[in-house]
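One structure is given below, represented as structure tokens, and several questions about it will come after.
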Amino acid sequence: MFDDAALVLEEIAPEDKNRNEVLGARVNLYMVARKWDMAAAVASHLVKVDPGTPGWWISLAYALRRTESVEKAEAILLRAQAIHPKDPMIAFNLACYASVTGRMEEAKGRLRHAVKLHKDIRGLAIDDEDLRPLWDWIAGLK
């Protein structure tokens, strides 16, 4: 699958290869292929040229979590949250990072905030391994 998708990206006209949509597709491919360094490099570029798109920040944090640390990923999302305070996925991922680093009360607060921003986040949370220690608590969350 990765090879087929990579071939499609290679067929894109040279003048279009640096469009954000194309670079975003490249990030997604790198992430599926677990090429975290490559995903982080492209996502970092996207954050610089288009900080107004929350997904670039989330992708960068996700890749940095795998190449460097949860703390580095969390720092990225804290910067993103300052720019995108109403983005539920940024709040959700910050809850995950708080949970995996053992800060359960903070994780609960961040998750409550994420659910207030978008009620469907609760459904994501109940299945997310990062939040496993909170699954019983999440089941009662409204």
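Of K48/K72; K48/K116; K48/K119; K48/K108; K72/K119; K119/K142, which pairs sit farther than 20 Å apart, going by alpha carbon to alpha carbon?
Check vs 20 Å cut-off fails for K48/K116; K48/K119; K48/K108; K72/K119.
Based solely on its DSSP helices, what 222 nm [θ] is calculated for the chain when runs of n ≥ 4 H residues each add -39,500 (n - 2.57) and the sum is averaged over all residues, nearest 500 deg cm²/dmol?
Estimated from H runs of four or more residues: -21500 deg cm²/dmol.
Could you work out the local net charge near P88, counting Lys and Arg as +1, Asp and Glu as -1, over the other residues with Cβ closer than 15 Å to its Cβ?
+3
Then there's this: So how do 60-67, 24-31, 90-97, 47-54 stack up, highest first, on mean other-Cβ count within 10 Å?
Peptide ranking by packing, descending: 90-97, 60-67, 24-31, 47-54.
Tell me, what HN-Hα J-couplings in whole Hz come from the Karplus equation 6.51 cos²θ - 1.76 cosθ + 1.60 at θ = phi - 60° for each residue of the stretch 32-37, using x for Gly and Pro?
Couplings: 4, 7, 6, 9, 4, 4 Hz.
Separate question: Helix 70-83 sits at what angle to the longest principal axis of the chain, using alpha carbons and giving 0 to 90 degrees rounded to 10?
Result, in degrees: 90.
When ligands, DNA and RNA are left out and all protein chains stay put, how many square angstrom of accessible area per residue does the chain have with a 1.4 Å probe?
56
Compute the semi-axes of the equivalent ellipsoid of the chain, taking the square root of 5 times each eigenvalue of the Cα gyration tensor, and list them largest first in whole Å.
Largest first, the chain gives 30, 15, 14 Å.
How big is the charge dipole of the chain about its Cα centre, in debye rounded to the nearest 20, if each Lys and Arg gets +1 on its Cβ and each Asp and Glu gets -1 on its Cβ?
Roughly 680 debye for the chain.
Now for a separate question. Pop out the carbon and sulfur fraction of the accessible area of the chain as a percent, whole number, probe 1.4 Å.
Reported share for carbon and sulfur atoms: 54 percent.
The values are calculated or read from the model by the stated rules, or taken from the named source; none is laboratory data. On a predicted model such as this, the values are computed, not experimentally measured, just so you know. In this analysis, Cβ positions are derived from the backbone assuming ideal geometry, glycine residues included, and neighbour counts consider all displayed protein chains. Each accessible area value is taken on the protein alone, full model and side chains, heavy atoms only, with ligands, DNA and RNA left out. Shrake-Rupley method; radii C 1.70, N 1.55, O 1.52, S 1.80 Å.
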